[in-house]
Amino acid sequence: AGEEEGATLVEFAVVLSIFIFMIFALIDFARLGFSNVMAEKATEKAVRMAVVRAPACPDVPRVNQRGLIGVVSLDLPNGTSCTARTGLCQDVGTISCNGSLDNPTAQLIWSRVRPLLPNTAKPENLRFSYTYDRSLNRVAAAYTPIVTVELASLRFDFISPLGALADFASNSSGSTLGEGFTFPAMSASLPAESIN
């Protein structure tokens, strides 16, 4: 009878440890999924805010300049669409920068999206890009780029001891289970809006 009780206790301990491991795994992976959805929402919110505010990057032009061909295209008045002639407006390409609390726009956006992100998030995880699109712009008018906000290198840390439980269950050491997870980069883009 004593051997049966001992066997029952061993079986109970094995089943209980597997059950606890599964509970911790469910909680952490639910948090991971929730954090991923919230990070996507934060990215969407950040781009919606960025399109109506001053640029978060330095060197983004405020006004469209005539391109080299545009200089000789004086027959086209200011306000003409940049699509009227190739090279009519200066193509500034894409201007990008990481979020910085030194920039008022980035600081405001960061303060609004920070509560949606994991505790490990920093302003530098936000990357702002302003891309020239000639169909959105007019000669000598306010520069209207495509604004992209990317959330990159965002790390999620598990709170449960999954790695320690895995090491204990497998009688080994050095498991990377439960150490953390880096989200794939996510981004959202919208055309800038002139608030003038």
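Values computed for the structure shown
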{"quantity": "Residue within the range 69-83 that is within 21 Å of PRO191 (Cα to Cα) and among the acidic types (Asp, Glu) present", "calculated": "no"}
{"quantity": "Count of the range 35-70 residues which are closer than 30 Å to ASN119 by Cα and part of a loop (DSSP other than H, G, I, E, B)", "calculated": "8"}
{"quantity": "Count - residues of the range 71-119 that are among the hydrophobic types (A, V, I, L, M, F, W, C) and either in a strand (DSSP E or B) or touching a Pro at 6+ places or on another chain (Cβ under 8 Å) (or both)", "calculated": "7"}
{"quantity": "Flag if ARG85 is basic (Lys, Arg), touching a strand residue (DSSP E or B) at 6+ places or on another chain (Cβ under 7 Å) and more than 30 Å from ALA30 (Cα to Cα)", "calculated": "no"}
{"quantity": "Exclusive hit being open to solvent by 40 Å² or more (accessible area, probe 1.4 Å), aromatic (Phe, Trp, Tyr) and under 18 Å from the mean Cα position of the chain (by Cα), set PHE34, PHE29, PHE24, PHE12", "calculated": "PHE34"}
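The values are calculated or read from the model by the stated rules, or taken from the named source; none is laboratory data. Everything numeric here is computed off the predicted structure, so don't read it as measured data. Ideal geometry is used to build each Cβ from the backbone, glycine not excepted, and the neighbour counts take in all protein chains shown. The protein model used for the area step is the full one, side chains on, heavy atoms only, and it has no ligands, DNA or RNA in it. Shrake-Rupley method; radii C 1.70, N 1.55, O 1.52, S 1.80 Å.
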